[in-house]
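Visitor: One structure, pasted below without further comment.
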Amino acid sequence: MDPAWIEQARRSLPELPEDRYRRYTGDLGLSAQDAGVLTSEREIADYFDAAAKVCAAPAKKLANWIINEVLARVDDPRALAAADLPVPAVALAELVDLVEKGTLSGKLAKDVFGRMWQEKRRAGEIVASESVALVSDAGLIEETCKKIVAAHPDEVARFRAGQSKLLGFFVGKVMKEMGGKADPKTANEILQRLLG
């Protein structure tokens, strides 16, 4: 047999589940449990690989979305290979990147994902057309923070007396006031300054 032909035939074979598992746990740093789920069916691994090729977010975050959101919506993993899958791998990668960039919070992203699945639309399209992105305008967030701080003098006094866990209370109030769209990092920084 021709060695070149054998090598070409070997390279044309799909990656074996054990090899994928080693790549996921080694190169990508996924846990054994996550790698086990992703390699349990070829279609799941193919979907993950297709998304990972274009996703800038860490592999662990992408794996979490596939395991916790995508697989929860399919009865049969073979559906992940269907041409009419509501959220193709590339579309999921786009959504995960929007979370990673801070455009969407985890909660907003789950809402957008649900709409992507129902409406077969891309995350970027939903975010752009319906302004569901996080508000990162520091001035607007600061106005809301000042309003919340003024409305809760007892909690402010307790925070200043050392109950630092109340910061979460204030952040939660700001998020609620802004419909869950305030950038939590910015709100946190502003509240720490106002309460300090």
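Visitor: Out of Ala187, Ala128, I need the residue that is in a helix (DSSP H, G or I) and touching a Cys at 6+ places or on another chain (Cβ under 7 Å). Which one?
Guide: Values: Ala128 fails: touching a Cys at 6+ places or on another chain (Cβ under 7 Å).
Result: Ala187 is the single residue among Ala187, Ala128 that is in a helix (DSSP H, G or I) and touching a Cys at 6+ places or on another chain (Cβ under 7 Å).
Residues checked against (1) within 16 Å of Ile141 (Cβ to Cβ); (2) at pLDDT below 90; (3) out of contact with any Gly (no Cβ under 7 Å at 6 or more places or on another chain); (4) not acidic (Asp, Glu):
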position	(1), (2), (3), (4)
Glu155	no, no, yes, no
Gly162	no, no, yes, yes
Leu166	no, no, yes, yes
Phe169	no, no, yes, yes
Lys173	yes, no, yes, yes
Lys181	yes, yes, yes, yes
Ala187	yes, no, yes, yes
Gln192	yes, no, yes, yes
Gly196	no, yes, yes, yes
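Visitor: Just one of the numbered conditions (1) in a loop (DSSP other than H, G, I, E, B); (2) in the same structural domain as Arg73 (by TED's automatic domain parsing) is not true of Asp97; which one?
Guide: (1)
Visitor: Now for a different question. For the stretch 46-73, enumerate the residues that are surrounded by fewer than 17 Cβ atoms within 10 Å (Cβ to Cβ) and either touching a Ser or Thr at 6+ places or on another chain (Cβ under 9 Å) or not in a helix (DSSP H, G or I) (or both).
Guide: Of everything in the stretch 46-73, those that are surrounded by fewer than 17 Cβ atoms within 10 Å (Cβ to Cβ) and either touching a Ser or Thr at 6+ places or on another chain (Cβ under 9 Å) or not in a helix (DSSP H, G or I) (or both) turn out to be Ala56, Pro58, Lys60.
Visitor: Could you please give the count of residues in the stretch 108-141 that are over 16 Å from Leu98 (Cβ atoms) and either of a type in the set (A, V, I, L, M, F, W, C) or crowded, with 18+ Cβ neighbours inside 10 Å (or both)?
Guide: The number of residues fulfilling the criteria is 3.
Visitor: Residues being among the β-branched types (Val, Ile, Thr), within 22 Å of Ala79 (Cβ to Cβ) and outside any loop (DSSP other than H, G, I, E, B): count how many of those fall in the stretch 1-45. Can you show your working first?
Guide: To start, the set of residues in the stretch 1-45 that are among the β-branched types (Val, Ile, Thr) comprises 6, 25, 37, 39, 44.
From the residues that got through so far, the ones that are within 22 Å of Ala79 (Cβ to Cβ) too are 37, 39, 44.
Then keep just the ones that are outside any loop (DSSP other than H, G, I, E, B); that gives 37, 44.
Count: 2.
Visitor: Sort through Val174, Val149 and tell me the only one that's buried (at least 16 other Cβ atoms within 10 Å of the Cβ), outside the structural domain of Trp65 (by TED's automatic domain parsing), of a type outside the set (D, E, K, R) and touching a Cys at 6+ places or on another chain (Cβ under 7 Å).
Guide: On the way: Val149 fails: touching a Cys at 6+ places or on another chain (Cβ under 7 Å).
It is Val174.
Visitor: Give Thr144, Thr103 a once-over and let me know the one that is at pLDDT below 95, surrounded by 15 or more Cβ atoms within 10 Å (Cβ to Cβ), of a type in the set (S, T, N, Q) and not in a loop (DSSP other than H, G, I, E, B). Full working, then the answer.
Guide: Details: Thr103 fails: not in a loop (DSSP other than H, G, I, E, B).
Of the residues listed, the single one that is at pLDDT below 95, surrounded by 15 or more Cβ atoms within 10 Å (Cβ to Cβ), of a type in the set (S, T, N, Q) and not in a loop (DSSP other than H, G, I, E, B) is Thr144.
Visitor: So which residues in the stretch 175-196 are within 22 Å of the chain's Cα centre (by Cα) and closer than 9 Å to Thr144 by Cβ, if there are any at all?
Guide: The answer is Met178, Ala182, Ala187.
Visitor: Going by the structure shown, is Glu189 loosely packed, with under 15 Cβ neighbours inside 10 Å, among the acidic types (Asp, Glu) and under 24 Å from Thr103 (Cβ atoms)? Don't jump to the end; show me each part of the working.
Guide: Values: loosely packed, with under 15 Cβ neighbours inside 10 Å: no; among the acidic types (Asp, Glu): yes; under 24 Å from Thr103 (Cβ atoms): yes.
Here the answer is no, as Glu189 does not meet what is asked.
The values are calculated or read from the model by the stated rules, or taken from the named source; none is laboratory data. The structure presented is a predicted model; accordingly, all values stated were derived computationally and were not measured. Every residue, glycine among them, receives a Cβ derived from its backbone with ideal geometry; neighbour counts consider all protein chains shown.
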